[in-house]
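These notes are about the structure you will find just below.
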Ligand SMILES: CC(C)(COP(=O)(O)OP(=O)(O)OC[C@H]1O[C@@H](n2cnc3c(N)ncnc32)[C@H](O)[C@@H]1OP(=O)(O)O)[C@@H](O)C(=O)NCCC(=O)NCCS
């Protein structure tokens, strides 16, 4: 029998595969898509260009970018059966659960349902990126009893999402802020949801199954669900009039984790948080309501000083999304609106050089052979 060593809990430090999509240096606080620094992308790029970069491994030229924009716009449509499924969701259904179920159902109506080749998966990546944005905005209106807003195919992916959600074409500032948020959330190497997608794809299942698995993993509060948890804390502090630092101290005294802080990989500030902090501050001031930023900042200063834990991507995305007028339970679905670009890129990379992902468990149960005792003798 092979020598048994303790398995690293949570696969910490395990390198699970080769990948050419996302580079992270957790000690230096570097994040790059296809080698391009996230700060450059946040400052100069747009979400459509980032999709092309993730899916094709390089930046598009003008024609290619225009073509992708047109394809994304063309795919802003849902089968009527999907709309009726959205209408049938029970009133208490959480948008993230609805999204998970609908993405699975989208496969029934996909024109290439049975195809799993590279070209079909490129097209499915475009389709799913458009459809996920459509589903999140449409479900929000349906549950609020509002009429659906037809997509505007002349708008960017970000502007169209906000338009279909709110019914008004967003300001250039809101569109840019949301677009940067999508760029920052697009990929993050082997995070839990991406790994779930790759494990699913590696069985030679299909793109929709992989993305459904990823959405299930993203939902959890240790992953994408943290942004919703952050805002619930900000709200509780505001409603009770509590001092933000005392509130957080109370949570820590009860051995609770503070959502939006800490990271498995970064030992520095999460480079995405740098942009989101700035966005949260700018939007707070331009909207005349800096309250959420100010509460967040007080919490951050305390947690960094007291626990040496840095804010991660979820901490300032909470106040940013709220200031953009987005409901709390849409924060994690919006993470999916962006991350679908990375998930699909990883599925395609996995299939390009596939092998079943099947690790081993370090067995620590009763010693073999353990005797089977008949039921009458137990
Ligand atoms: C992100 C996260 C899941 C990483 O987890 P991990 O690498 O498994 O790290 P651990 O949970 O083992 O944490 C290591 C130590 O730091 C502490 N810690 C980590 N994050 C913390 C937080 N947000 N608040 C308070 N303490 C925290 C843990 O309690 C643990 O302390 P201990 O060694 O005294 O028990 C974790 O930091 C966390 O739960 N953060 C809050 C949720 C969140 O924001 N998730 C989004 C991530 S982008």
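The values are calculated or read from the model by the stated rules, or taken from the named source; none is laboratory data. Since this is a predicted model, take the numbers as computed values, not measurements. Here Cβ is always computed from backbone atoms with ideal geometry, including for glycine, and neighbour counts include all displayed protein chains.
Numerical summary
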| item | result |
| --- | --- |
| Given (1) touching a residue at least 60 places away in the same chain (Cβ under 8 Å); (2) farther than 18 Å from residue 334 by Cα, index of the condition residue 94 fails | (2) |
| Single unsatisfied condition, residue 378 versus (1) exposed (fewer than 14 other Cβ atoms within 10 Å of the Cβ); (2) touching a residue at least 24 places away in the same chain (Cβ under 8 Å) | (2) |
| Flag if residue 68 is surrounded by 14 or more Cβ atoms within 10 Å (Cβ to Cβ) and not in a loop (DSSP other than H, G, I, E, B) | yes |
| Conditions (1) in contact (Cβ under 8 Å) with a residue 60 or more places away in the chain; (2) surrounded by fewer than 18 Cβ atoms within 10 Å (Cβ to Cβ); (3) within 22 Å of the chain's Cα centre (by Cα): number failed by residue 118 | (3) |
| Selected residue [more than 30 Å from residue 52 (Cβ to Cβ) and either surrounded by fewer than 24 Cβ atoms within 10 Å (Cβ to Cβ) or within 15 Å of the ligand (Cβ to nearest atom) (or both)] from 216, 250, 220 | 250 |
| Residue within segment 312-321 that is part of a loop (DSSP other than H, G, I, E, B) and over 26 Å from residue 214 (Cβ atoms) present | no |
| Residue 281 away from the ligand (no atom under 16 Å from the Cβ), within 21 Å of residue 248 (Cβ to Cβ) and either assigned to a helix (DSSP H, G or I) or under 19 Å from the mean Cα position of the chain (by Cα) (or both) | yes |
| Exclusive hit being modelled with pLDDT of 95 or more, within 15 Å of the ligand (Cβ to nearest atom) and surrounded by 15 or more Cβ atoms within 10 Å (Cβ to Cβ), set 264, 307, 297, 339 | 339 |
| Subset tally (residues that are within 16 Å of the ligand (Cβ to nearest atom) and on the phi > 0 side of the Ramachandran plot) for segment 1-56 | 4 |
| Exclusive hit being within 16 Å of the ligand (Cβ to nearest atom) and more than 23 Å from residue 131 (Cα to Cα), set 195, 231 | 231 |
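Yes or no, residue by residue, for (1) surrounded by fewer than 21 Cβ atoms within 10 Å (Cβ to Cβ); (2) away from the ligand (no atom under 11 Å from the Cβ); (3) more than 10 Å from residue 227 (Cα to Cα):
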site: 301; (1), (2), (3): yes, yes, yes
site: 316; (1), (2), (3): no, yes, no
site: 323; (1), (2), (3): no, yes, yes
site: 327; (1), (2), (3): yes, yes, yes
site: 343; (1), (2), (3): no, yes, yes
site: 346; (1), (2), (3): no, yes, yes
